[in-house]
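The structure under discussion appears below in the form of structure tokens.
The values are calculated or read from the model by the stated rules, or taken from the named source; none is laboratory data. Fair warning: this is a prediction, and the values are worked out from it, not measured in the lab. With ideal geometry, Cβ positions are generated from the backbone for all residues, glycine too; neighbour counts draw on all protein chains shown. Side chains are part of the model used for accessible areas, which takes the heavy atoms of the whole protein and leaves out ligands, DNA and RNA. Shrake-Rupley method; radii C 1.70, N 1.55, O 1.52, S 1.80 Å.
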Amino acid sequence: MRTKMADLNSPLKLSGVQPPSEGVGGGGCSEISAELIRSLTELQELEAVYERLCGEEKVVEKELDALLEQQNSIESKMVTLHRMGPNLQLIEGDAKQLAGMITFTCNLAENVSSKVRQLDLAKVASKAEENLLMVLGTDMSDRRAAVIFADTLTLLFEGEPLSPL
């Protein structure tokens with residue numbers, strides 16, 4: 001019993017397989033099954049399948065060539081990245097050290113600022129005491145005594161020294 005010859009213009013006769021298009025293929029096996037090839041008995045059918053397989057092979061070869069062309073570029077980038085590894089580790093260490101120094105400097109600045117505030121307070125207190133002693137030394141019968149006393153209270157709250165009378 002003979003298999004009928006496939007119509008070369010009708011790809012559907014060969015298990016619905018279309019000829020390979022440009023840029024399609026790769027990543028898998030041929031679209032033509034081995035069972036189909038074994039079932040073919042006519043020369044024209046075999047030649048048609050052979051042509052399709054050759055077309056698929058060309059597509060796969062083009063894709064392989066494109067991948068091989070990229071190989072050198074990818075390998076050089078990998079070498080560059082590999083060389084950068086130790087430098088990146090040094091940079092990471094330097095960044096951690098810098099972060100530690102910044103933290104230390106920040107804490108030191110906060111401590112200095114706190115000390116300055118304490119010195120300023122020791123200075124609303126020393127001046128206030130001086131102003132108060134000066135007012136207490138003023139003769140209360142003096143007609144300006146009330147004004148001097150009011151000025152002293154104002155300066156006490158504002159934290160400014162009283163100018164000598």
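Can you compute the FRET efficiency between Ala145 and Lys123 using 1/(1 + (r/R0)^6), with r the Cβ-Cβ distance and R0 = 30 Å? Round to the nearest 0.05. E between Ala145 and Lys123, to the nearest 0.05, is 0.65. Shown for the stretch 66-165: the carbon plus sulfur share of the solvent-accessible area, taken with all protein chains present and a 1.4 angstrom probe, equals 64%. Across bins of 10 angstrom width beginning at 0, how are the C-alpha pair distances of the stretch 51-111 distributed, in whole percent? It works out to 18, 19, 17, 15, 12, 9, 6, 3, 0, in whole percents. For the listed peptides 43-55, 81-93, 142-154, a ranking on the average number of other beta carbons within 10 Å per residue, highest first, reads 43-55, 142-154, 81-93. Accessible surface for the stretch 27-124, divided over its residues, is 83 Å² per residue with a 1.4 Å probe. Residue by residue, the stretch 89-102 carries 3J(HN,Hα) couplings of 5, 5, 5, 4, x, 5, 5, 5, 5, 4, 4, x, 5, 5 Hz when phi is fed to the Karplus relation 6.51 cos²θ - 1.76 cosθ + 1.60 (θ = phi - 60°); x denotes Gly or Pro.
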